[in-house]
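First up is the structure itself, then whatever we jot down about it.
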Amino acid sequence: MALIEPRPIIIGNWKMNGTSESLGEIRLMAAMLDGVAIGCEVVVCPPATLIRTVHEMLSGSRIKTGGQDCHPEPQGAFTGDIAAEMLRDCGATHVILGHSERRHYHGETDALVCRKVTAAHRAGLTAVVCIGETEDERDAGQTVPVVARQLAGSIPDNVSAENTIIAYEPVWAIGSGRTPTTDEIKQVHQAIRDQLAERLDPQTTAAIRILYGGSMKPANAGAILAIPDVNGGLVGQASLKAKDFLGIIGLFAPN
């Protein structure tokens, strides 16, 4: 059976940005994409306070809504946390898990991320699992081993192309305006694909999307998205403004 190239996807991570005043950007995104042919899937992950509103605003559009984290349990005495089922109830279809900011500031381990991925699957969400090395790890030549360890520990055995996306985000590049070279990105994405092949069947391995994240913006997105095994992007700052975000999405416009 021939292996099918996975459909690209661009995911916007608003992080802890956005209030009701920011919803104009969502309206603009939907309006600018209305009736326009695009060659990728699009997901916007606003803060939890806006998920339901954004989902309702995007109803009828081709933009999906996602969350930025979830708790492993479906319910319980976990003040301030959000269950995957709650995200789904708000209209989310995706959830970002294991982002370096969660790993660093909240001490999330690979094992905890794996439990959250399982929770996302339980709720019918697509888990966007983030992995990536720090600058010290990169300088020590440990990029591939670190990414391999995080990947091995952060995903359960039952992953599929439908329920899991992998996002490579070098920690040192996030929000810094710096990016690895195209050769460095190619090497890491190939290493991720190779490790997936050790656990999954060829069809699933080829179909799982591997995204690049870390200071992706319209000016550099074209070169990054042209790299083999880069199946889209996890976009931070550039997703906050409709013009910038759509500048990346437009790179997939059908010929």
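Bear in mind that the values in this text are calculations on the coordinates, not laboratory data. Bear in mind that the values here come from a model prediction, so they are computed numbers and not experimental data. FYI the Cβ positions are ideal-geometry reconstructions off the backbone, even for glycines, and counts take in every protein chain you see.
Here each label is just a point 7 Å from Cα along the line to Cβ, and for residue 241 and residue 219 those points are 1.1 nm apart. For residue 21 and residue 178, a Förster radius of 45 Å and the Cβ-Cβ distance give a FRET efficiency of 0.90, rounded to the nearest 0.05.
Computed over the chain with a Gaussian network model linking Cα atoms closer than 10 Å, the most mobile of 222, 141, 80 is 80.
For the listed peptides 21-30, 161-170, a ranking on the average number of other beta carbons within 10 Å per residue, highest first, reads 161-170, 21-30.
Modelled spin-label separation between residue 152 and residue 73, with each label point placed 7 Å from Cα along the Cα-to-Cβ direction: 3.1 nm. Taking a straight Cα-Cα cut-off under 22 Å and skipping sequence neighbours fewer than 8 places away in the same chain, the lysines within cross-link reach of residue 64 are 15, 116, 217, 241, 243. Our summary of shape: the Cα atoms of segment 92-200 have principal axis extents of 38, 31, 22 Å, ordered from largest down, in whole angstrom. Contact order, relative form, for the chain: 22 percent (alpha carbon pairs under 8 Å, 6 or more residues apart, mean separation divided by residue count). Of all the Cα-Cα pairs you can form in segment 206-246, what percent are over 15 Å apart? Percent of Cα pairs beyond 15 Å in segment 206-246: 38. The P(r) of segment 1-149 has a tail past 27 Å containing 31 percent of all C-alpha pairs.
Among 183, 110, 89, what is the fewest-to-most ranking by other Cβ atoms within 10 Å? Don't skip to the end; give the middle numbers.
On the way: 183 9, 110 17, 89 12.
Listed from fewest to most nearby Cβ atoms, that is 183, 89, 110.
Need the C-alpha centroid separation for segment 24-58 versus segment 146-217, integer Å. Value for the Cα centre distance between the two parts: 25 Å.
On a full-extension model of 0.36 nm per residue, what is the gain between residue 36 and residue 56, subtracting their alpha-carbon distance, rounded to one decimal in nm?
On the way: separation 20, 0.36 × 20 = 7.20 nm, distance 2.03 nm.
Full extension from residue 36 to residue 56 adds 5.2 nm.
Solvent-free Debye calculation, one equal scatterer per alpha-carbon of segment 1-75: log10 I(q)/I(0) at 0.12, 0.24, 0.25 Å⁻¹ equals -0.40, -1.14, -1.20. The listed peptides 42-54, 5-17, ordered by packing as a protection proxy, come out as 42-54, 5-17 (highest mean of other Cβ atoms within 10 Å first). Cβ crowding within 10 Å, taken as a proxy for footprinting-reagent exposure, orders 230, 188 from fewest neighbours to most as 230, 188.
Taking the Cβ of residue 95 as the centre, find all other residues whose Cβ is under 12 Å away and add up their charges (Lys, Arg: +1; Asp, Glu: -1). Walk me through the intermediate numbers first.
Values: positive: 64, 88, 102, 116, 122; negative: 69, 85.
Local net charge: +3.
In segment 158-234 the Cα-Cα distances spread across 5 Å bins starting at 0 as 3, 17, 28, 24, 15, 10, 4, 0 percent of all pairs. Farthest towards the positive end of the charge dipole of segment 48-93, among the residues 78, 50, 60, is the Cα of 60, using unit charges on the Cβ of Lys, Arg, Asp and Glu.
Taking the number of Cβ atoms within 10 Å of each Cβ as an exposure proxy, the fewest-first ranking of 78, 245 is 78, 245. According to the calculation over all Cα-Cα pairs in the chain, the P(r) per 5 Å bin from zero is 1, 6, 14, 19, 20, 18, 13, 6, 2, 0, 0 %.
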